[in-house]
Amino acid sequence: MQEMKARFSKDLAAATTAEAVEQVRIAYLGRKGEITLLAKNTDFSKLSAEEKRSFGSQLQELKAFAEESLKAAKESAALGKSAKKSTGLDLTLPGTGRTLGSLHPISLIQIELESIFQGMGFTVVPSPECELEFYNFDAVNIPSDHPAREMQDTFWMTNDMLMRTHTSANQVRTMERLGVPLRAIFPGRCFRNEAVDPSHENTFYQCEGLVVDQNISVANLIAVMKTLLSEIFHREVTVRLRPGFFPFVEPGFELDLRCLLCEGEGCSTCHGTGWLELIPCGLVHPRVLECAGVDPTRYSGFAFGVGLTRLAMMKFGIPDIRLLNAGDIRFNEQFPTFV
Ligand code: PHE
């Protein structure tokens with residue numbers, strides 16, 4: 001029986017498939033199997049009572065051992081089969097790591113501006129990119145015969161709507177929606193029919209700001225602009241206002257920033273002037289207030305249009321505006337994942 005047990009174990013170890021295990025079962029425990037026959041062929045009458053007991057218990061043990069072993073072998077054969085069948089998973093291959101995406105430079109600047117303005121009590125207002133001609137032009141004092149329309153040619157829809165040329169298109173909408181007094185910014189995408197080159201694109205981003213209240217003056221405008229710029233550049237800044245014309249502000253200005261690189265001495269970044277032209281702005285034109293149903297004798301306000309695209313290019317040293325919309329992953333992944 002010892003010899004049979006050893007042989008059985010060896011045969012079973014060699015059986016790797018369910019069929020082979022079944023063959024071993026038949027060979028040992030089948031109707032004509034070795035263990036079955038051993039029990040059948042033994043002439044018990046020739047054995048003493050002592051021998052009978054010993055033989056019987058050894059035979060029981062052998063049978064139980066064989067049954068247990070066969071059961072375990074069947075299970076592992078079945079498992080092996082299903083693992084092979086299911087995925088062809090190879091645990092020895094190197095892993096595929098997951099990379100995190102990164103934020104677009106425009107998004108980074110926008111998120112930063114939003115948080116600076118929120119700190120000054122401004123509301124961030126969503127605004128449509130596809131606009132009515134009225135809000136983009138007429139409502140901001142650009143009637144259909146005004147030359148500014150030519151400077152801001154854009155993409156027209158077949159239903160007389162257009163892709164907005166500036167975020168100023170949302171000024172009157174915002175006053176209508178929120179009423180006055182108000183303090184709001186509306187960042188977003190703008191479009192113009194441009195001849196594309198390293199500094200002109202058909203698609204770019206601005207962040208408009210609008211404050212309307214009683215007794216708002218140019219002093220308030222300068223204070224907000226200085227706070228904004230020193231937060232963005234992490235230092236005290238010097239600004240100046242030059243007259244600038246925009247039909248929807250009166251007076252209108254170009255706000256210049258004293259060049260951060262040469263401190264006003266004149267360098268290649270500021271084209272030798274010592275100043276960087278940065279933010280067009282001004283006091284809201286009374287006609288624009290009227291258009292939104294706001295009484296210009298009681299209320300006044302200021303508006304400004306930060307070029308998000310320009311700011312992102314300055315901040316990250318991006319030499320060509322076309323890189324921003326090209327969708328080249330090698331460009332995009334150079335920026336951080338978090339703000
Ligand atoms: N909307 C103007 C532009 O795109 C910028 C601007 C905004 C000027 C607000 C004055 C006040 O050129």
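Assorted remarks:
- Geometric extent, Cα atoms of the chain - Rg, Dmax (angstrom): 41.3, 129
- Partner aspartates and glutamates for residue 5 [C-alpha distance under 15 Å; skip if fewer than 8 residues away on the same chain]: 34, 61, 67, 68
- When 164, 242, 287, 173 are sorted by how many other C-beta atoms sit within 10 angstrom of their C-beta, beginning with the fewest, the order is 242, 287, 173, 164.
- Classified by the C-alpha gyration tensor, the range 240-335 has an oblate form. Its axis ratio a/c, with a ≥ b ≥ c, is 1.5 or above, and a/b does not exceed b/c.
- Springs between Cα atoms under 10 Å define the GNM used for the chain, and in it the highest mean-square fluctuation of 28, 299, 205 occurs at 28.
- Taking 7 Å steps out from each Cα toward its Cβ at residue 271 and residue 74 produces label points 8.9 nm apart.
- Dipole of the range 97-157 [Lys/Arg +1, Asp/Glu -1 at C-beta], most positive-end residue of 101, 120, 137: 101
- The string of couplings for the range 249-256 from the Karplus curve (6.51, -1.76, 1.60, θ = phi - 60°) is 10, 7, x, x, 9, 10, 8, 9 Hz, one whole number per residue in order, with x for Gly and Pro.
- Potential extension, residue 150-residue 19 segment - 0.36 nm per residue separation minus Cα distance: 38.7 nm
- The distance from the alpha carbon centre of the range 1-28 to that of the range 317-331 is 69 Å, rounded to a whole number.
- Dipole axis of the chain (+1 Lys, Arg; -1 Asp, Glu on Cβ), positive-most option in 64, 294, 196: 64
- For the chain, the longest principal axis of the Cα atoms and the long axis of helix 49-86 meet at an angle of about 30 degrees.
- The chain: most fluctuating residue of 208, 129, 263 per GNM, C-alpha cutoff 10 Å: 263
- On the beta carbon distance between residue 107 and residue 158, with R0 = 45 Å, the FRET formula returns roughly 0.90.
- Once the Cα-Cα distance is subtracted from the 0.36 nm per residue extended length, the residue 235 to residue 3 segment shows a gain of 74.4 nm.
- Stokes-Einstein diffusion coefficient of the range 173-267, Kirkwood radius over Cα pairs, 4 °C, 1.567 mPa s, in µm²/s: 81 µm²/s
- Overall form of the range 198-251 per C-alpha gyration tensor (a/c, 1.5; a/b vs b/c): oblate
- Each Lys and Arg Cβ is given +1 and each Asp and Glu Cβ -1; about its Cα centre, the chain then shows a dipole of about 2300 debye.
- 3J(HN,Hα) along the range 172-185, derived from phi through the Karplus expression 6.51 cos²θ - 1.76 cosθ + 1.60 where θ = phi - 60°, amounts to 5, 3, 5, 5, 4, 6, 9, x, 10, x, 8, 9, 9, 10 Hz, with x in place of Gly and Pro.
- Net dipole in debye of the range 116-240 [+1 Lys, Arg Cβ; -1 Asp, Glu Cβ; about Cα centre; nearest 20]: 540 debye
- Remark: the range 5-122 carries a charge dipole of roughly 820 debye about the Cα centre, counting +1 on each Lys and Arg Cβ and -1 on each Asp and Glu Cβ.
- Between 282, 264, 188, the Gaussian network model of the chain with springs among Cα atoms under 10 angstrom shows the greatest mean-square fluctuation at 264.
- Whether the range 161-223 is rounded, prolate or oblate, judged on the alpha carbon gyration tensor where a/c under 1.5 counts as rounded: oblate
Every number here is computed from the coordinates shown, using simple stated rules; none is lab data. As the structure is a computational prediction, the values presented were derived from the model and not from experiment. As a convention, Cβ positions derive from the backbone with ideal geometry for all residues, glycine included, and neighbour counts pool all protein chains shown.
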